[in-house]
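Each remark here refers to the structure printed beneath this line.
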Amino acid sequence: MSNFEQHLKDIIRENGPVTVAAFMAMAIEHYYSTRDPLGTRGDFTTAPEISQMFGEMIGVFLAQSWMELGSPAQFSLVEAGPGRGTLMADILRATKSVPGFHAAMRVHLVEISPVLMARQAEALQGYNIEWHTDIHDALASPAPALFVANEFLDALPVHQYVRQGGRWFERAVGLNGDQLAFGLIESDFSCDQSEENKIWEVSPARESVIRDIAGVIARCRGVALLIDYGHDRSGFGDTLQAVREHHFVNVLDHVGNADLTSHIDFQAIKGAAVLHTHVHGPVGQGHFLRNLGIELRAARLNQPAEMARLIDPGQMGDLFRVMALCHDPDLKLPGF
Ligand code: SAH
């Protein structure tokens with residue numbers, strides 16, 4: 001048993017079961033702060049690790065967004081959850097020849113993992129980067145902002161609720177003997193869904209981050225691009241998943257040593273953003289990358305297989321959704 005699992009069991013013995021959201025937050029923090037989980041020798045592979053074309057297309061999106069904003073002489077380029085820094089490195093390489101873009105940008109990275117921060121510093125040598133552990137610090141500048149996040153929201157915790165006998169309970173992780181086990185605890189949650197014994201997921205953490213980003217975009221002007229796996233409409237379902245060495249594993253096995261995520265409810269995210277911003281999408285990643293010209297680029301680089309992984313509906317093309325927020329409905333954002 002890992003030290004983290006022992007620690008979690010001690011907490012549960014002392015205080016009782018922890019909610020799925022608290023469990024997720026603790027496990028993810030431990031997981032990311034102790035390793036680089038990406039790549040073939042890690043636990044999972046993300047789009048920027050599959051192909052440089054992903055970051056190049058996002059570079060095109062950001063450069064065009066900047067020009068749509070009127071090419072401001074100063075702007076913040078913010079990435080949350082930058083992994084190995086690969087996406088930002090590809091964005092910066094792709095935008096190098098856009099006149100004025102690099103001179104105007106200040107790059108901010110939001111990262112909780114010291115291990116990954118070191119990888120990012122390596123990947124982005126030669127650039128002036130500011131790191132933050134809290135997203136609010138990265139969004140503090142009054143300059144216009146271009147914000148990007150790939151597979152960041154899925155790492156933020158989700159609560160799970162179940163209705164039984166007309167009352168809502170929250171799903172929690174407790175102990176059955178010496179084994180971690182799911183159970184239900186009292187809750188004051190309520191919502192207008194009436195089906196019983198099905199899991200309803202809610203992520204105040206994700207919605208709050210989106211509200212904060214949307215607030216900054218509305219106030220300072222700018223564009224936020226969010227890419228993640230999920231569904232366009234809210235619905236019942238248990239989407240909590242653990243991945244280790246590129247395979248799904250039981251959520252309560254390998255706690256703190258497997259990547260723990262859940263699918264994004266884009267309807268909820270959109271609901272949190274529309275108060276302040278105009279929302280584009282979500283659209284499939286395949287649609288987005290094709291509109292930005294990935295087919296031409298793949299032909300030039302002779303990388304049809306990498307492109308297929310990113311855009312085919314059976315691979316990442318549909319499950320991965322792309323959504324953008326901007327302050328002005330008249331901005332012409334490419335890709336949608
Ligand atoms: N965007 C990268 C990595 C995705 S993995 C890519 O596409 O390859 C998730 C990333 O989010 C990691 O860098 C992880 O350390 C970071 N992360 C997870 N929880 C976070 C949090 N609460 N705040 C900031 N970063 C977080």
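The values are calculated or read from the model by the stated rules, or taken from the named source; none is laboratory data. Nothing here was measured: the structure is a model prediction, and the numbers come from that model. Don't worry about glycine lacking a Cβ; one is built from the backbone with ideal geometry, like all the others, and counts go over all protein chains shown. Just so you know, the surface numbers come from the protein's heavy atoms only, side chains and all, with ligands and any DNA or RNA stripped out. Shrake-Rupley method; radii C 1.70, N 1.55, O 1.52, S 1.80 Å.
Brief remarks follow.
- Cross-link partners of Lys270 among aspartates and glutamates, defined as those whose alpha carbon lies under 20 angstrom from its own and excluding same-chain residues fewer than eight positions apart: Glu79, Glu151, Asp154, Asp192, Glu201, Glu207, Asp212, Asp228, Asp232, Asp318, Asp328, Asp330.
- On full extension, the segment bounded by Gln241 and Val274 gains 9.0 nm, given 0.36 nm per residue less the C-alpha separation.
- In the complete set of protein chains, residue-level accessible area for Phe189 is approximately 40 Å², probe 1.4 angstrom.
- Protein accessible area in the range 154-278, 1.4 Å probe - carbon and sulfur %: 46 percent
- For the range 1-124, with all protein chains in place and a probe radius of 1.4 Å, 51% of the accessible heavy-atom surface sits on carbon or sulfur.
- A full extension of the chain between Arg93 and His7 corresponds to an added length of 26.6 nm, given 0.36 nm per residue minus the alpha carbon distance.
- Cβ-Cβ FRET estimate between Lys332 and Thr34, R0 fixed at 56 Å, reported to 0.05: 0.80
- Partner aspartates and glutamates whose Cα lies under 12 Å from the Cα of Lys96, excluding those fewer than 8 positions away in the same chain, are identified as Glu56.
- Heavy-atom accessible area ranking, 1.4 Å probe, most first, across Trp66, Trp200, Trp131: Trp131, Trp200, Trp66
- Beta bridges per DSSP with both ends in the chain, % antiparallel, nearest 5: 60 percent
- Centroid-to-centroid separation of the range 56-83 and the range 148-178 [C-alpha atoms, Å]: 34 Å
- Taking 7 Å steps out from each Cα toward its Cβ at Asn291 and His136 produces label points 3.4 nm apart.
- In this structure Thr40 has an accessible area near 130 Å², from a 1.4 Å probe over the protein heavy atoms.
- Extension reserve of the Ala181-Glu68 stretch, reckoned as 0.36 nm per residue once the Cα distance is removed: 35.5 nm
- Rolling a 1.4 Å probe over the heavy atoms of the protein chains gives the chain an accessible area of 43 Å² per residue.
- Rg/Rh for the chain, where both radii come from Cα atoms and Rh is the Kirkwood radius: 0.98
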